[in-house]
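Here, each number is a calculation from the coordinates, and none is a lab measurement. The shown structure was predicted, so the numbers you read here are calculated from the model rather than taken from an experiment. Positions of Cβ are backbone-derived with ideal geometry, glycine not excepted, and every protein chain shown enters the neighbour counts.
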Protein chains: 2
Amino acid sequence: MSQARSSLLLSSALLGAFAFASTAHADEGMWTFDHLPKAALQKAYGFTPDARWIQHVVQSSARLAEGCSASFVSGDGLVMTNHHCANSCLAALSDKDHDYFRDGFYTRDLADERQCPGMELDRLDTMKDVSDPVAEATRGKQGAAYSAALQEVESKLTKDCIGGDDEHWRCDMVPLYHGGQTALYRYRRYKDVRVVMAPEQGIAFFGGDPDNFDYPRYDIDLSMLRVYEGGKPVRTPFLQFDPNGPKADDLVFTSGNPGRTQRGLPASALAFQRDVANPAIISALTLREGMLWQYSRESAEHEKQAEDALFSIQNGIKSYSGTQAALQSGDIVSRRVKEDTALQAWIDADPARRAAYGQPFRTVDKAIALEKDLFSRNLAIGMVFRGFLDNVMTLVEGAHERQKPDAKRHAGYHDAQLGEIETALAAKEPFYPDLETASLALSLTSLRQIAGADDPLVRLTLGKEAPDALAASLIKGTKLSDPAARLALWKGGLQAIKASTDPLVVFARRIYPSYTALHDKMRDEVSAPLHKAQGDIARARFAQAKAEGRLDALYPDATFSPRLSYGTVKGWRKNGVDVAPFTDFAGMYGHATGAEPFALPKRWLDAKTRLPLSTHLDFVSTNDIVGGNSGSPVLNREGKAVGLIFDGNLPSLAGDLYYDISNNRAVATDTSAIITALKLVYNEENLANELTNGHR
Amino acid sequence: MSQARSSLLLSSALLGAFAFASTAHADEGMWTFDHLPKAALQKAYGFTPDARWIQHVVQSSARLAEGCSASFVSGDGLVMTNHHCANSCLAALSDKDHDYFRDGFYTRDLADERQCPGMELDRLDTMKDVSDPVAEATRGKQGAAYSAALQEVESKLTKDCIGGDDEHWRCDMVPLYHGGQTALYRYRRYKDVRVVMAPEQGIAFFGGDPDNFDYPRYDIDLSMLRVYEGGKPVRTPFLQFDPNGPKADDLVFTSGNPGRTQRGLPASALAFQRDVANPAIISALTLREGMLWQYSRESAEHEKQAEDALFSIQNGIKSYSGTQAALQSGDIVSRRVKEDTALQAWIDADPARRAAYGQPFRTVDKAIALEKDLFSRNLAIGMVFRGFLDNVMTLVEGAHERQKPDAKRHAGYHDAQLGEIETALAAKEPFYPDLETASLALSLTSLRQIAGADDPLVRLTLGKEAPDALAASLIKGTKLSDPAARLALWKGGLQAIKASTDPLVVFARRIYPSYTALHDKMRDEVSAPLHKAQGDIARARFAQAKAEGRLDALYPDATFSPRLSYGTVKGWRKNGVDVAPFTDFAGMYGHATGAEPFALPKRWLDAKTRLPLSTHLDFVSTNDIVGGNSGSPVLNREGKAVGLIFDGNLPSLAGDLYYDISNNRAVATDTSAIITALKLVYNEENLANELTNGHR
C-alpha cells in the first residue's frame, strides 16, 4: 500500500527493520505504557504516573493507520491531529471548486463534517505478553524456517485476537526488545473518520520546506477530525484541553506512535546505512524531488497534483540526510564498534552465554555483505512499484499469496490483513495520469541506470521499450485508476489476474516472479538472519543489563505502537546562539514576506489587529520522538493537552539512531495558539468551546 | 566562464585544488613530457621514446580551452577530438532547420566548414622551469600575503611570456608537485576552429547515460575539426593515422590533458570529500538532473534545450559517485592516515626537516574544519552563478577586479586572461529563457533550503521574493543574452556596471559584496593555507623520495596540461566475468533495441549489410587517464594514432584519487572503426583519404 511521508509521519520501510533495547539517559526513551520509567521520573521530576493517569492517556490516544498519531479531545469523538496527517483526506474531498487543502475546511454542524476516504483510526485497547508462544513456535529455527514459523504463530495469534470481528478490532504482534519480549496489541478500529476543521495549508505549513525540521517555527499544523460509529459521534475517554499551553521548564509528555528507531544497530549495519543505503535512498529521493519540482512549475494543476508527493519527498530527504550527517560524524559508528566488541567479549567469557548467543555479529556482517550486493537493485525496483503501482503489485502478489496457507504467506498478506488491503484498494484516491507517467518513467529510467541495461530484471521490465514510451502506454491503457476495477481483480483472485489484459497487470505479472524472488532472497538471506542475530544481540544485552541491575533503564526500539515519552519545555544552543523555547504571533508576522512559502493566508493578515501578538504559537521540548509521532498530543502532569507535536528540529533527525539531550528537540503547536486562532481567526467558537468544555 | 562537463572533459573546479606527487606503480602516471619514465618503460616494454618521438607527439597534440584534449591528424590542420567536445559548437550552429548535434555535420569542401563560436585550441610550444622566481617571490609568506605574492609573480611571468601578443600566445603557470616545481607553459593559440564532420549523437553516444562509464561500449565519439589562421588551414606536425587500430596487449600511449587528480590528499581532506563535499555535490547535481529530466519531457524543443546540460549533469553524478564509492570503501582513507602519520614522523625525526616542513597536517585539519562550515553555502551560491549567470557575475566581478593593480586581482582576472574572458562574453551561445528560468529558480530554492531562510546571504539574494517569481522576472528582463550587451558592459567597466539597470546586473551587483567576501574567506583561510600546507607535504614527500632514491618513479598530479600516459590494450575482470578488450560492429547491432538511447541512426541501420561486422569498434587499455583526457589520441610505439579516448570505465572514476591497474581502464574508439565508418556509412571518402594520406 502506498504511504505518504511527512514531518513525523512514519517513514516507509525502505530498510529492513532492526529493533533493539537501549539504555536510557535523561529524558531519553519511548516507553511502552506497561513499563514506564517511574523511578527515573520520580527522581528527576518528582512525579509518578498512577494507574488511572496511565489508563486515561492510553484510552485518549489514537493512531492513524496511514502513519500518524492523534488524540481524542472531547467526549463527542473529536480528534486532534496534524494538518499534514489529513493532507490526503483534504485532497480527496477537494474538487474543481474547492481546494480544502489550500484554503482550509470549516464546518458549523455535524452534518457538514465529511468522511475521509479510506482513513482508519485505531485506539489501543489491550496489551498482552505473548513472548512464550512465540519463543515456543520459533525455537531452534533459522532462515526460511524461522520466517515461516514466525509468520505462522503471528497469523494464529492475531486471528484469535480479532475473534472474527475485523470490522471492530485490529491486532498487531509487536516485537519488543527484538524478541526479548513479544506483545500482542489489540486496537479498537474506527473506519468512519470525518474532517471537522482544517486551517489553510499556508498557516499549517508556514515557512514550507525551507523551515521544515528547523526552528523557530510559526505553524498551526492542526486538523480536527471526528470519529463516528453507526452514524453518531463515538464516546471515548478524552484529554481535557488546556487553553493556556505549557510554561518554560514544565514537565511534559507525548503519547504517540514513534515509527521506528534503530538505537542498537551493530556497527557494520550502521556502516552499511552510511555507505550504501542512505546515499542510494537520498539520491533516489533527490532525483524525484527535482522531477516533481519541475513538474509543479508546469501549471497550477500540476503544482496541486504534485504538492503532496513533493512535500513527502522533501521530508524524506531531510530525514535521511539528517541521519546520514549523524552517521558521518563518525562518532556513533566507532562507539558502536566498541560496544559490539564488548558485548561479544561478554558473551565469549562464559560457555553458557556462548551457547545461548553465539557469534551474532558475524552473522550480521555476512547478511550485510549480501545486502550490499542486493540493495540498489531492490531499491530501484521498489521505486517502480510505489504509489499507484504499488496497488498493481499488491493485486498480483496478493493473488499468489492467497493461494498459500495463511501461515506460509508473505508479511502483509495474512487473512487478518486482507480487509485492510481491500479497504486500501477500494479507496478512491486522486489519479493524475501525467504525474503517474512521469513518475513511472523516472523509476524505469533509474532502474536501468542503476542495474545496467543488460541486467535480466531490467530486460524483463523494459523489454525493447524506452522508459518514457513504456510508462506512457501503461498509464494510458490501464483501467486500475478505478477502485471498482481494482476490487474486481482482487476479488477475482489469481484467475482474474491471469486473465486480465490491463497493461499494468500484464506488466506486473511479467515482473512478479523476479520481483518476488528478489524479495524472498532479501527476506531469507538478509532480513531473517539479521532479525535472528539481532534478537540474539538484544537478548544478550538484556541479560547483561539484568546481570548488572540496569533493566529499569531499558526501553524497546520504536515499532509504530503507543509509547510515552517525557521531557521539558526547553530551548537549545544552535551554532553558538540560544534558541528560545517559544515563538509567538508577533514572530510569525515578522517572518512573513508575502511570497510563498512565507505568505500568510488572508484570514491571518486580516486578523492581525484582533490577535494578542504575544500569544505562544509553537514550542520545543526535550521529548524523545521520531517519525510516527506526528499528531501526538503534548500533555502536562495533570494529563491535559497543552500542545500538538508536528515536527522535530534538525538534530532530532538522528533520533532514529540515538538521542542527544543537548540538541534533540520536539516541535509542537501550543494549545493557546489553537484556541486563539479558532476564536479570533476562524470564528470557530463552537469548536473552541467543545475543546474547552470537553463536549459539544 | 561556464564550463560543460562530460565523460572525460575536465570537471569544473567545485573543490579547492590539491596537487601532490605520487609514486607510480605499473602503468600508473600522467607524465610531463620533460620527465617521462624512460627506465620503467624500457624495463616493462623494451621501448624508450627518443627526443624526436617526444617532440613529434607534443607538437601534434592540442588542448581545447573548454576542457578537452585533441590531436592534429593531417598536415592541413585537421583535428580529431570527441563528439562530446564539440557539443556546444554543434548546438550553436544548429537552427530550426538543422540539428547538427542530433543528425551530424558533414562537409564536402573547405567552404562548407563552419567556425565554432568561441572555440579555442592551444598547442604546447615550450615548457620552462620557473620554480626559482616563484620560490623567491613567495618565500616566508603565508595566508593572504602568500596568495598576493603568488598572484603577482604569476601575473608578471605570464605577461612577459605572452610578450604583448595574446592573440597568438597563451601562457600558464603550472604548479607541479604542488610547488615542488613550477613550470611556465607557452601555448600557440588558435581561435579559428571549424567543424569538418561530426556523426550523429545516436552513434557518438549510443547507449547514452545507461552505458556511460560502463563497458562494453559501442560508440564513435568523434568530431573532426580544422584549425585556420588567416583564413587558411594551418600547417603543423600531425599524427599519422593507422587505419588498423591496435591489437590486444599492444603498448599504447595517450597524449592529453588530464584535468585534476588528488592522489596524495591528506586523510582529513579525503574524509572531508567523503563526508561533506561529495554528498553535497551529488545532491545538488541529482536535484538538477531530476529537474532537467522532467523539463526535457515537456516538449521536443525543451528536450533539445536541456540535452547538453542533462548529459553533463549525469556525467558529473557518475563521476562524483564513483569517487565517493572508492572513498567509502574505507581503505584509501585509512591507508592515507598511515601514510600521513609516517610522513609527519619522518619530518619530526630531524630538526632541519621540522624547520623546513613544520606540522602541515595540523594546518590541513584546521583549514578543513573551516571549509566544513563554509562549503554548503559556497556551493549553493556557486550554483546560482553558473552557466549563463556566470557571465553576469563575471561582468560585475571583472569590473571590480580591473580596478585593482594586476598583481592584486583574483585568479582569472589578470591582464593576460582578459582576452579570454572577452572572447567568452562575446560568444553567441544559445539562450533558452524557459531553461534559464527553471535553472535559476531551482538554484535559488536550493540556496534557501541549504542556508536557511534567515541567512543574510539568502535574504540579500531573495529579498522578499519567491525563487520562482524572482527567477522569472530576472530572466525575462535581462538583455544579457545578447553578446553585444555583455561586451558593452564589459568594455564600459565599473561605471557601466554601476549605471546598468539590467535586472540581472542589479541582482549580481547586490550580491557581489557578500559573494566576493565569501570567496576571499575561502581563498585566504581555506585554499591558501591548504595550498601552503600541501606544498610543504609535497616537498617533504619529494625530499623523502630523493633520500630514498625514488625520484624517477614520481609524477605530478594532473593540472589540465599536456601529459603522456602509457599502458596496454587489455580487458579486466568485472564481477567475476572477463571483459574482452575490444567490441565490434556486430556487438553494436546486437546491443541496439530501436528505443532511445539504444536506437541506431538510420545511416547505421542502412549500412549494416555493407559493413565488415568484425571491425573493431571500441577498446579498453590500462592507460591512466581522468577528466580532461576526452579527445586524447591513443598512439602506438611508432607514434601513430590508433584510437581516440572518450571515456573510462566505472572503476576508473576513482582515478582522481588513486590508480588501480586491476580494474581502471581507459575507453577509446578504434581508428579502424573511424575509417570504416567514414567510408562505408558516411560516404566521407575525402576525409578518410586525408586521414590515411596525411593531407587533403
Inset, instruction - Among the listed pairs B:Lys156/B:Lys372; A:Lys232/A:Lys428; B:Lys128/B:Lys546; A:Lys372/A:Lys479, give every one whose C-alpha distance is greater than 30 Å. - result: B:Lys156/B:Lys372; A:Lys372/A:Lys479
Inset, instruction - Straight distance only, please: which aspartates and glutamates reach the Cα of B:Lys498 with their own Cα at less than 16 Å, same-chain residues fewer than 8 apart left out? - result: B:Glu397, B:Glu401
Inset, instruction - Select the chain B residue whose beta carbon lies nearest to the rotation axis carrying chain B onto chain A, and write the distance in whole Å. - result: B:Gly290, 1
Inset, instruction - Using only the Cα atoms of the protein assembly as shown, each taken as one equal point scatterer with no solvent, compute I(q) by the Debye sum, divide by I(0), and report log10 of the ratio at q = 0.08 Å⁻¹. - result: -1.04
Legend entry - Backbone HN-Hα couplings from phi across region B:209-223 [Karplus 6.51/-1.76/1.60, Hz, Gly and Pro as x]: 4, x, 8, 4, 6, 10, 7, x, 10, 9, 10, 10, 8, 10, 9
Legend entry - Amide H contacts under 5 Å for A:Phe213, placed H, 5+ residues apart: A:Gly648
Inset, instruction - Could you go through region B:623-636 in sequence order and give the Karplus-derived ³J(HN,Hα) for each residue, using 6.51 cos²θ - 1.76 cosθ + 1.60 with θ = phi - 60°, rounded to whole Hz, and x for Gly and Pro? - result: 4, 8, 10, 9, x, x, 7, 3, x, 5, x, 9, 10, 9
Inset, instruction - Report the label-to-label distance for B:Asn663 and A:Ser299 in nanometres (one decimal), using points 7 Å from each Cα along the Cα→Cβ vector. - result: 4.7 nm
Inset, instruction - Hey, can you grab everything whose amide H is under 5 Å from the amide H of A:Glu66? Only 5+ residues off in sequence or another chain; H modelled, so Pro and N-termini drop out. - result: A:Glu120
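Work out the FRET efficiency for A:Thr609 and A:Glu638 from their Cβ-Cβ distance, taking R0 = 56 Å, and round it to the nearest 0.05. Let's see the in-between values first.
On the way: r = 34 Å, r/R0 = 0.61.
It comes to 0.95.
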Inset, instruction - Could you work out, residue by residue across B:669-675, how many beta carbons of other chains sit within 10 Å of that residue's beta carbon, and then give the average as an integer? - result: 0
Legend entry - Copy-to-copy label separations for B:Glu422, where each label sits 7 Å from Cα toward Cβ, in nm and ascending: 8.1
Inset, instruction - List the distances, in nm to one decimal, from the label point of A:Ala356 to the label points of the same position in every other copy, shortest first, placing each label point 7 Å from Cα along the Cα-to-Cβ direction. - result: 6.3
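According to the Kirkwood expression over distinct Cα-Cα pairs, how big is the hydrodynamic radius of region A:267-545, in Å?
Details: mean 1/r = 0.0474 Å⁻¹.
Result for region A:267-545 stands at 21.1 Å.
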Inset, instruction - Can you tell me the relative contact order of chain B? Whole percent, Cα pairs under 8 Å, sequence separation 6 or more. - result: 28 percent
Legend entry - aspartates and glutamates with Cα under 16 Å of B:Lys570, excluding same-chain neighbours fewer than 8 positions away: B:Asp27, B:Glu28, B:Asp214, B:Asp249, B:Asp250, B:Asp578, B:Asp584, B:Asp618, B:Asp624, B:Asp647, B:Asp660, B:Asp670
Inset, instruction - First measure r as the distance between the Cβ atoms of A:Ala355 and A:Lys498, then evaluate 1/(1 + (r/R0)^6) with R0 = 51 Å and state the FRET efficiency to the nearest 0.05. - result: 0.55
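Using a/c under 1.5 as the rounded threshold, could you call region A:358-482 rounded, prolate or oblate? The axes a ≥ b ≥ c are square roots of the C-alpha gyration tensor eigenvalues, and prolate needs a/b larger than b/c, oblate otherwise. Intermediate values should be presented prior to the final figure.
Working: a/c = 2.34, a/b = 1.14, b/c = 2.05.
Oblate, since a/c reaches 1.5 and b/c is not below a/b.
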Inset, instruction - Just tell me how shielded B:320-327 is by partners: mean number of partner chain Cβ atoms within 10 Å of each residue's Cβ, no decimals. - result: 1
Inset, instruction - Taking amide H positions as placed in the peptide plane 1.01 Å from N, state which residues far from B:Val73 in sequence (5 or more) or on other chains have amide H under 5 Å from it. - result: B:Leu78, B:Val79, B:Met80, B:Leu239
Inset, instruction - Provide an ascending nm list, one decimal, of label-point separations from B:Ala488 to the equivalent residue in each further copy; define each label point as 7 Å from Cα along Cα→Cβ. - result: 6.7
Legend entry - Greater than 19 Å apart at Cα, pairs in A:Lys43/A:Lys338; B:Lys159/B:Lys404; A:Lys608/A:Lys679: A:Lys43/A:Lys338
Legend entry - At R0 = 60 Å, FRET efficiency that the Cβ-Cβ distance of A:Asn689 and B:Lys521 yields, to 0.05: 0.55
Inset, instruction - Would you work out if chain A is rounded, prolate or oblate? Take a ≥ b ≥ c from the square roots of the eigenvalues of the alpha-carbon gyration tensor; rounded if a/c is under 1.5, else prolate when a/b is larger than b/c, oblate otherwise. - result: rounded
